[in-house]
């Protein structure tokens, strides 16, 4: 699930509060959960981008970065 703008605002709000006055235990747990969700969304986004990038090697072959560095995620194998 993508991270919403509201969640990003909350992450930033908690970061500012953490620096200014500190967080409660509950806020620290919320911050950790929000950060995990944000990082997971970034990784999914990066994986999607890598899956769509093909590199022409020096020998003329085409290497898909998604296949080289991980599993391709279902956008088809029709040869980009």
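If each of residue 33 and residue 55 carries a label point 7 Å out from its Cα toward its Cβ, how far apart are those two points in nm?
About 3.9 nm, to one decimal.
Tell me the Kirkwood radius of the range 5-69: reciprocal of the mean inverse pair distance over distinct alpha-carbon atoms, in Å.
Its Kirkwood hydrodynamic radius stands at 14.4 Å.
So for the chain, averaging the separation of alpha carbon pairs under 8 Å that are six or more residues apart and normalising by length, what relative contact order in percent results?
21 percent
So for each of 58-65, 5-12 I average, over its residues, the number of other beta carbons within 10 Å; can you give me the resulting order with the highest mean first?
5-12, 58-65
If I take R0 = 25 Å and measure r between the Cβ atoms of residue 5 and residue 63 in this structure, what FRET efficiency does the formula 1/(1 + (r/R0)^6) give, to the nearest 0.05?
For R0 = 25 Å, the calculated efficiency reads 0.10.
Readers should treat all values here as calculations from the given coordinates under stated rules, not as data from a laboratory. Keep in mind that this is a model prediction, so the values were computed, not measured. Cβ sites come from the backbone with ideal geometry, for glycine too, and all protein chains shown count toward neighbours.
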